[in-house]
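Below is one structure; the comments refer to it alone.
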Amino acid sequence: MAATKPEDCDVLLFRYLGENDLESALSLFENDAVFIHPDGVAHGRDAIRDQISGMLTADSLDWLEGPEAFVDASGTLAFVRGKWSTTFTNSDGSQTISTGRNIEVVRKQADGTWKFVIDHGNAAD
């Protein structure tokens with residue numbers, strides 16, 4: 001399934017990661033997309049793969065607010081924001097819960113679908 005509206009990029013990203021479908025998750029990113037993470041910036045799908053593959057082990061990936069999209073006047077660029085939560089079970093059985101406020105830039109593709117150009121999961125924190 002492709003993103004047919006800007007906010008679908010975030011919704012589908014969490015769905016695909018929750019389904020352990022890394023390839024579908026990566027298909028939501030333009031080839032030269034940028035993924036900003038705590039240790040720096042990943043450029044391109046191969047580098048993004050390395051950054052998001054750890055999300056496949058999450059017990060849950062949830063939207064607490066949004067995601068909400070704001071589209072430019074031309075209808076081809078949008079920024080998307082929301083508040084998310086992830087839960088991971090540690091080797092000792094305890095859980096780690098993280099939350100953040102994301103901001104992304106997504107672009108409408110020639111086929112009418114949307115893809116990430118810039119993804120920053122904690123930009124609004």
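Read-outs: derived from the displayed coordinates by stated rules, not from any lab. Because the structure is a prediction, the values reported are computed rather than measured. We place every Cβ from the backbone using ideal geometry, glycine too, and count neighbours over all the protein chains shown.
General observations
- Extent along principal axes [Cα atoms of segment 8-120; Å; largest to smallest]: 51, 29, 26
- Per-residue Cβ neighbour rank within 10 angstrom, fewest leading, TRP84, TRP114, TRP63: TRP63, TRP84, TRP114
- Once the chain from THR96 to SER60 is taken as fully extended at 0.36 nm per residue, the excess over their C-alpha distance is 11.9 nm.
- Taking the convex hull of the alpha carbon positions in segment 1-70 and averaging its projected area over all directions gives 5.1 nm².
- Within straight-line reach of LYS5, meaning a Cα separation under 17 Å, sit the following lysines at least 8 residues removed in sequence or on another chain: LYS108, LYS115.
- A Förster radius of 25 Å, combined with the Cβ-Cβ distance separating SER74 from ALA2, puts the computed FRET efficiency at roughly 0.80.
- MRE, 222 nm, helices only [DSSP H, n ≥ 4, -39500 (n - 2.57), over the chain, to nearest 500]: -5000 deg cm²/dmol
- Two-site FRET efficiency, PHE88 against SER27, from Cβ-Cβ distance with R₀ of 22 Å, rounded to 0.05: 0.35
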